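Structure first, commentary second.
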Amino acid sequence: MHLKKFLVICLVLLLSVSLLAGCGQKAQQPQQSQSNSQPSGSNQSGSQDKIIIKLGDVLAEDHPHTQAYHFFAKRMSELTNGKVEVQVFPNSQLGNQRDMVEGMQMGTLQMGKSMMTVLSGFLPEVQVFDLPYIFRDRDHFYKVLDGPIGQSFLHEKLPKIGLIGVALFDAGVRSVYNSKRPIKTLDDMKGLKLRVPESPIYIDMMSAFGATGTPMAVGEMYTALQTHVIDGAENAPIFYNSQKHYEVSKYFSYTNHIMTPDVLLMSKKFYDTLPKDVQEAVLKAGLEAQQYERKLWQDLENKTIEELKAKGVEFNEVDTTPFKEAAKKVWEKYQDKLGKDLIQQIVDTK
């Protein structure tokens, strides 16, 4: 009898210990769940977790923009004492420009670079920067970007579509290159099928010049040039060189039709989760990267042209007067949509 009572007592004690242990595990679960649900890249007060920022672009590793991203990454680490790590993904690793813009709007991507042209699908008035020959020269271009017009786009209009403008990069002066013939006059444009960004203004511009504009992603261009799906494209010499398009398209002609900025962006959803000191670091590092990129671009441009000449590229001077006259049709078509006053403000900027 005593043995039975002893066994019962032991069994009761064993069950009690098991129940208490189970309750202790359940009590810890909500705390673990809260930690797992913390947003990626965020940093709660008192936490020492590193903030990871992924930054994507479609351009090659040796492009000045990509070099500016590595500069930005270094400065972010320095300004935040190593709290922020910026990881750079060139060569369309994170998708094309539209993919990345949409990712930033949704908050699934922290940072990316976009042509103003690509943003026109989300913010139509940015197309004003794509009007052919709206900028007289690089000095005029910088004054517009760094003045009230450019800063309004950067800090007022972009946040309304879920994006933070971090920097405005120089993307060079765009000209036509192709595999068929040199372009010296407007008549030489007739019949050419040229890749353009996904923008109605670019398509209408090529039509006004007598060519056919074909929208295409950057990653598809080399093969399309190689297989003659397109005859050529239009862009700045640095892009032409970094994408190795000189290998399949040797005639580069200085039409100098567009000078449009590229914009470094951050997801507003992500930006709003950052501590104030990190937000300030983003804008400071962005401004420094902007100045670094612009100097890098200008230093590299002349060097690139000399390198391309040595590789057999034929550079051609162009009489741009008839091109500018033809471009008036594009201005007339878009001036009401983009705003005559805004266009005039850009033209009048001194």
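The values are calculated or read from the model by the stated rules, or taken from the named source; none is laboratory data. Everything quoted here is computed from the prediction, not taken from an experiment. Neighbour counts run over all protein chains shown; Cβ positions are idealised from the backbone, glycine included. All accessible areas refer to the heavy atoms of the entire protein, side chains included, with ligands and DNA or RNA removed. Shrake-Rupley method; radii C 1.70, N 1.55, O 1.52, S 1.80 Å.
Assess whether Thr223 counts as being surrounded by fewer than 23 Cβ atoms within 10 Å (Cβ to Cβ) and in a strand (DSSP E or B).
For Thr223, the condition - surrounded by fewer than 23 Cβ atoms within 10 Å (Cβ to Cβ) and in a strand (DSSP E or B) - is not met.
If you go through region 171-200 and keep only what is open to solvent by less than 40 Å² (accessible area, probe 1.4 Å), over 19 Å from Glu220 (Cα atoms) and at pLDDT below 95, you end up with Ala171, Gly172. Taking the criterion of being more than 12 Å from Ala217 (Cα to Cα) and among the small types (Gly, Ala, Ser), the residues of region 86-124 that qualify are Gly103, Gly107, Gly112, Ser114, Ser120, Gly121.
Residue pairs whose Cβ atoms lie under 7 Å apart, separated by 6 or more positions or on different chains, with the first residue in region 320-332 and among the aromatic types (Phe, Trp, Tyr) and the second in a helix (DSSP H, G or I), are Phe323/Leu186; Phe323/Phe209.
With respect to (1) surrounded by fewer than 22 Cβ atoms within 10 Å (Cβ to Cβ); (2) over 23 Å from Leu265 (Cα atoms), the lone exception for Lys160 is condition (2).
Restrict the check to region 280-293 and report whether at least one residue is within 21 Å of the chain's Cα centre (by Cα) and of a type in the set (Ser, Thr, Tyr). Write out each step before concluding.
Keep residues of region 280-293 that are within 21 Å of the chain's Cα centre (by Cα), which gives 280-293.
Cutting the leftovers down to of a type in the set (Ser, Thr, Tyr) gives us 292.
Yes, region 280-293 contains at least one residue that is within 21 Å of the chain's Cα centre (by Cα) and of a type in the set (Ser, Thr, Tyr).
Taking Gln67, is it under 15 Å from the mean Cα position of the chain (by Cα), farther than 19 Å from Leu296 by Cα and open to solvent by 20 Å² or more (accessible area, probe 1.4 Å)?
On the way: under 15 Å from the mean Cα position of the chain (by Cα): yes; farther than 19 Å from Leu296 by Cα: no; open to solvent by 20 Å² or more (accessible area, probe 1.4 Å): yes.
For Gln67, the condition - under 15 Å from the mean Cα position of the chain (by Cα), farther than 19 Å from Leu296 by Cα and open to solvent by 20 Å² or more (accessible area, probe 1.4 Å) - is not met.
The criterion of at least 1 residues that are without any contact (Cβ under 8 Å) to a residue 40 or more places away in the chain and of a type outside the set (Val, Ile, Thr) is met by the following helices (runs of 4 or more DSSP H) wholly inside region 94-177: 97-106, 138-146, 148-152. Counting only residues that are in a strand (DSSP E or B) and either open to solvent by 50 Å² or more (accessible area, probe 1.4 Å) or among the polar types (S, T, N, Q) (or both), region 70-88 holds 2 of them. Pairs meeting the criteria (first residue in region 187-209 and within 15 Å of Met116 (Cβ to Cβ) and in a helix (DSSP H, G or I), second residue hydroxyl-bearing (Ser, Thr, Tyr) and open to solvent by less than 10 Å² (accessible area, probe 1.4 Å), beta carbons under 8 Å, at least 6 apart or on different chains) are Ile201/Thr117; Tyr202/Thr117. Of the set (1) open to solvent by less than 30 Å² (accessible area, probe 1.4 Å); (2) farther than 22 Å from Gln243 by Cβ; (3) among the aromatic types (Phe, Trp, Tyr); (4) in contact with a strand residue (DSSP E or B) (Cβ under 9 Å, 6 or more places away or on another chain), all apply to Phe141 but (4).
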